[in-house]
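A short write-up of the structure that comes next.
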2 protein chains.
Amino acid sequence: MCILAVVARGNAATRPLRPAKMGNLFLRSPFTLVECHFALGSLTIMTYCVAMRLHAGLVFLSDSRTNAGVDQVGTFRKMTVFENPGDRMMVLMTSGNLSISQSIRQIISERTAANGKNIWNATSLHEAAQVVGDAVRTVYQRDAKSLREFGIDFNVSLIFGGQIKGERCRLFQIYSAGNFIEAHDETTYFQIGEAKYGKPIIDRVITPATPLDEAAKCALISMDSTLRSNISVGLPLDMLIYEDDKLAVTRFVTIDEKNPYFQMIRNTWGQQLKRVFESIADPVWNAAPDASAHALSVTTIQSQPLRIAPQQTLVQQGGSDSSTC
Amino acid sequence: MCILAVVARGNAATRPLRPAKMGNLFLRSPFTLVECHFALGSLTIMTYCVAMRLHAGLVFLSDSRTNAGVDQVGTFRKMTVFENPGDRMMVLMTSGNLSISQSIRQIISERTAANGKNIWNATSLHEAAQVVGDAVRTVYQRDAKSLREFGIDFNVSLIFGGQIKGERCRLFQIYSAGNFIEAHDETTYFQIGEAKYGKPIIDRVITPATPLDEAAKCALISMDSTLRSNISVGLPLDMLIYEDDKLAVTRFVTIDEKNPYFQMIRNTWGQQLKRVFESIADPVWNAAPDASAHALSVTTIQSQPLRIAPQQTLVQQGGSDSSTC
């Protein structure tokens, strides 16, 4: 969105100064947005991350694009693994302001809360999510006021999931306020960042019973749709597959533009989609009432648009107008 | 988005009071948003509309859902046709605040601007778009201040296209400030409202050379993806096809849940998508370097996640903690 803001800058005469949205960050003018980010060196992660909680385990996928304008595009990894093999494996993915995300990660790695809990001794993933939420609040206390003085909201969104010995796999989405919700069978996945482009394919194919590799394939297709439609999301991708009860990273790969599988997905999915598209019949207009196959409209039911007919006086004004031209 | 705001209301303890976005309307609290809309009877069109400008003519598709909360969902048509057969055919689609949209439509239908121009005598679609933009500004002058006092931004977005005798087909997107941009071959389509879910399929299949009925099919698939992923978009749909140089509505249909063609699209597209999804190979992990087919990772290149190992002191705190439990 920051990129759009810069584009808008060049087109100030033709585009309105609409509020720019960047995660939770709303500013009235894209100028302010860009200036602020240049001034603060504050990169924003307009990311796409998705995580799925399935019977077989967990799937995590993140991109790595950050930007503070078209000439300040960078690569920062948004996925962090907290692993104590045999005891726990946890993954954190972040979207929003990069300085906030990095501070949260640092605090989680190092600190123990006042109640003695840290990410390594939490006895459940719910407790670990509280540790993450507390870290969000700590950074809020430290940075939010200063950011606000530069017109920047405290903007961060996190996905946190994994397994701690003795528990099943769990998956949480954590908000800027440090509160969180958990995924259940009815909500198999969480997305943060530019979520909408890649949502339809997940809605269509993923169920809790989907095998891990099939879910990985779906996540990559979802990412491909997002990459094609939104310039603020970019390669390389981090993909992590966690198999239930392994208590360590099962499979991990960083995917760049040369990755054979992702290349195949990008080519095949687009081609196949076009093929399916072409194989679906075009609509039949004004079909006979009994010939219902592919009838978009039938002769017996004529629907009418909300139609405004010209007022004769207004049309005539036109007549006299054009005659004087 | 208003619906989400209401959901958030019930979950105030678990969800943050994040800014609610409704088109150009940004409010800090969903409570304010909902109260405002109830108080003002101000329905908001969180719509999905798409229009395409092709060599063969124009395609317009709009949904008809409006809402001011889950218990105030209504149906209002968002597509209006301004037609003077043989002379001009113009279509207006609106997204945003319903009272603003309706006022704009009323003004366009009735008034002539100070310079003598109205929608019926404009000599080009660019001039007609200016008439629409002026109407937006007239409503802004009249309503924006009062709306602002209730915390509601002046929020409207329009697609306007058609043909006036002597010109080719043209298509415009008009903003809340009354300014506008025009579609060209590089930008074949405009969307307003909940645009992201349905964007990938358009990006993949539509070119300026796409025939009208094929483009209609694509618009319906794009709408289907949006309907499935977003509750704020709903049936019935208005679809209008305009064939170049007809200077009158070529084909129009209102599509409800019983429409055979749309039913077929909804079933077939989902099924075929799943079939294609299943036909694509699952990733191969840790493939041999020469067995590149579908290799997501190879044995010779082991990528590593950003991994944080436990600090022994922190883990031990856990040990003593759990031993006291």
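The values are calculated or read from the model by the stated rules, or taken from the named source; none is laboratory data. Values in this document were obtained by computation on a predicted structure and should not be read as measured data. Cβ atoms come from the backbone with ideal geometry, glycine included; neighbour counts cover every protein chain shown. We work out accessible area using only protein heavy atoms, side chains counted, and drop any ligands, DNA or RNA first. Shrake-Rupley method; radii C 1.70, N 1.55, O 1.52, S 1.80 Å.
Working only within segment B:234-246, note down all residues that are over 13 Å from B:Glu83 (Cα atoms) and crowded, with 24+ Cβ neighbours inside 10 Å. Don't jump to the end; show me each part of the working.
Residues of segment B:234-246 that are over 13 Å from B:Glu83 (Cα atoms), as a first pass: B:234-239, B:241, B:243-245.
B:Leu237, B:Asp238, B:Met239, B:Ile241, listed by residue number.
All conditions but one from (1) open to solvent by 80 Å² or more (accessible area, probe 1.4 Å); (2) at positive phi apply to A:Ile301; the one that does not is (2). Per the listing A:Lys217, A:Lys199, the residue uniquely among the basic types (Lys, Arg), at pLDDT 85 or above and either open to solvent by 10 Å² or more (accessible area, probe 1.4 Å) or in contact with a Leu (Cβ under 6 Å, 6 or more places away or on another chain) (or both) is A:Lys199. Count of segment A:202-212 residues, restricted to those that are crowded, with 18+ Cβ neighbours inside 10 Å and free of Cβ contacts under 8 Å to residues at least 40 places away in the same chain, is 1. When each of B:Ala281, B:Ala309, B:Ala288 is tested for being at pLDDT 90 or above and loosely packed, with under 15 Cβ neighbours inside 10 Å, the lone residue that passes is B:Ala281. Taking segment A:166-181 as the range and being of a type outside the set (A, V, I, L, M, F, W, C) and either open to solvent by less than 10 Å² (accessible area, probe 1.4 Å) or part of a loop (DSSP other than H, G, I, E, B) (or both) as the test, the residues that pass are A:Gly166, A:Glu167, A:Arg168, A:Tyr175, A:Ser176, A:Gly178, A:Asn179.
Is it fair to say A:Phe150 is farther than 20 Å from B:Pro305 by Cβ and either small (Gly, Ala, Ser) or within 13 Å of chain B (Cβ to nearest Cβ) (or both)? Criteria not met by A:Phe150. Any residue at all in segment B:146-165 that is in a strand (DSSP E or B), open to solvent by 20 Å² or more (accessible area, probe 1.4 Å) and closer than 21 Å to B:Arg105 by Cβ? Within segment B:146-165, none of the residues are in a strand (DSSP E or B), open to solvent by 20 Å² or more (accessible area, probe 1.4 Å) and closer than 21 Å to B:Arg105 by Cβ.
Inside segment A:118-138, residues that are more than 16 Å from A:Phe180 (Cα to Cα) and open to solvent by 40 Å² or more (accessible area, probe 1.4 Å) make up a count of 1. Scanning segment B:101-117 for residues that are in contact with a helix residue (DSSP H, G or I) (Cβ under 7 Å, 6 or more places away or on another chain) and surrounded by fewer than 24 Cβ atoms within 10 Å (Cβ to Cβ), which turns out farthest from the other protein chains (Cβ to nearest Cβ)? Per the stated criteria, the residue is B:Ser103. Residues of segment B:247-263 include at least one that is at pLDDT 90 or above, within 25 Å of A:Lys199 (Cβ to Cβ), open to solvent by 20 Å² or more (accessible area, probe 1.4 Å) and out of contact with any Leu (no Cβ under 8 Å at 6 or more places or on another chain).
Residues that are within 16 Å of B:Lys199 (Cβ to Cβ) and more than 8 Å from chain B (Cβ to nearest Cβ) within segment A:207-225 comprise A:Ser222, A:Met223, A:Asp224, listed in sequence order. The set of residues in segment A:182-206 being more than 18 Å from A:Met79 (Cβ to Cβ), within 11 Å of another protein chain (Cβ to nearest Cβ) and assigned to a loop (DSSP other than H, G, I, E, B) consists of A:Lys196, A:Tyr197, A:Ile206.
Among the residues of segment B:74-94, which ones are more than 10 Å from chain A (Cβ to nearest Cβ), touching a residue at least 60 places away in the same chain (Cβ under 8 Å), touching a strand residue (DSSP E or B) at 6+ places or on another chain (Cβ under 9 Å) and open to solvent by 10 Å² or more (accessible area, probe 1.4 Å)? Scanning segment B:74-94 gives B:Thr75, B:Thr94. Annotation for segment A:129-146: no member residue is among the aromatic types (Phe, Trp, Tyr), in contact with a Phe, Trp or Tyr (Cβ under 6 Å, 6 or more places away or on another chain) and in contact (Cβ under 8 Å) with a residue 60 or more places away in the chain. Of all residues in segment A:170-192, those being in contact (Cβ under 8 Å) with a residue 12 or more places away in the chain and farther than 27 Å from B:Glu278 by Cα number 10.
Total residues in segment B:61-116 satisfying the condition of being modelled with pLDDT under 90 and at positive phi: the figure is 3.
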